[in-house]
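Since the structure comes first, as structure tokens, the remarks are kept for the end.
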Amino acid sequence: MPTVQPFPAGGYRFIIHQFQYSGGVAAEPGFRIEHARFARPLPLAEGFDAIEAYLAGIGRSPTAFCACELRSPTQFSDAGFVAFNRHYVERLAAWGIFRDEVNPVARSNVCPEIDPPATPSFYAFSYTVPSENRAARSFVAAGSGEAREGGPSYKGRIIRRGDQSPEAMREKARFVLGAMEQRMTPRTRSRIGRQRRALATDTGRG
């Protein structure tokens, strides 16, 4: 069952998952989550700067940053993915979000087949703002790919790797939907506010 932990500095709570991202976030009472999309994908450093400036402009601390959607030019190697994530969490650590290998921020990462970015980039992000409507709850679930957790390599964990037959695609879809459902267990749903929302998933890594 997913473990939910509060992040008071951001006004949200999150599902503990991996050091690079959480399994999902939900606004705490007195807050709501809002979503912003860039006019064009911004490279990582530029995107972080833009997010920080935007939050400052609306009177919010960088700790209000709770989720993001990335776009990458291609799939990472195992070593490349670790290196990218270590670089990614550096700014979160500087903002007081990432501590002791725990990352509250949810994330998805898609490798577009059409017009991919030249470098890993921010496509959109989510953040918390104060809200007087205590009945309205909002949340964001992290993306999930068709790969099992653990194991020596990412390729070795992919469900039906290289197989795009209808049967294989159904198995991949069942796995991803199962992973999302596991994050939304009854206990987690009750803490997140029992909202019913279609969750967007992707077939890339988070």
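Local charge sum around ALA168 (other residues, Cβ-Cβ under 11 Å, Lys/Arg +1, Asp/Glu -1)? Net charge around ALA168: +1.
Over segment 4-192, what is the mean sequence separation of C-alpha contacts under 8 Å (at least six apart), divided by residue count, expressed as relative contact order in percent?
Over segment 4-192, the number comes to 31 percent.
Counting only other residues whose beta carbon sits under 12 Å from that of HIS17, what net charge do I get with K and R as +1, D and E as -1?
Values: positive: ARG107, ARG183; negative: GLU101, GLU149.
Computed value for this residue: 0.
From least to most packed, judged by other beta carbons within 10 angstrom and beginning with the fewest, ILE159, ILE114, ILE97, ILE16 follow the order ILE114, ILE16, ILE159, ILE97. Shown here: segment 86-127, whose C-alpha atoms stretch 37, 20, 14 Å along the first, second and third principal axes, sorted largest to smallest. If you bin the C-alpha pair distances of segment 55-136 every 5 Å from 0, what whole percents do you get? Bin by bin from 0 Å, the calculated values are 3, 12, 19, 22, 18, 12, 7, 4, 2, 0.
For segment 1-59, the Kirkwood radius over C-alpha pairs fed into Stokes-Einstein at 25 °C and 0.890 mPa s yields D = 183 µm² per second. Look at the dipole of the chain built from charges on Cβ: of ALA168, GLN182, SER72, the Cα furthest out on the positive end belongs to GLN182.
Each pair of Cα atoms in segment 4-192 enters the Kirkwood radius, and Stokes-Einstein at 4 °C and 1.567 mPa s then converts it into a translational diffusion coefficient of 74 µm²/s. For SER144, the amide hydrogen comes within under 5 Å of the amide hydrogens of ASP202, counting only partners 5 or more places away or on other chains and with H modelled in the peptide plane.
No value in this document is a laboratory result; all are computed from the given coordinates. In this text the structure is predicted, and so the values were computed from the model without any measurement. Because the Cβ atoms are built from the backbone with ideal geometry, glycine has one as well, and the counts that use them run over all protein chains shown.
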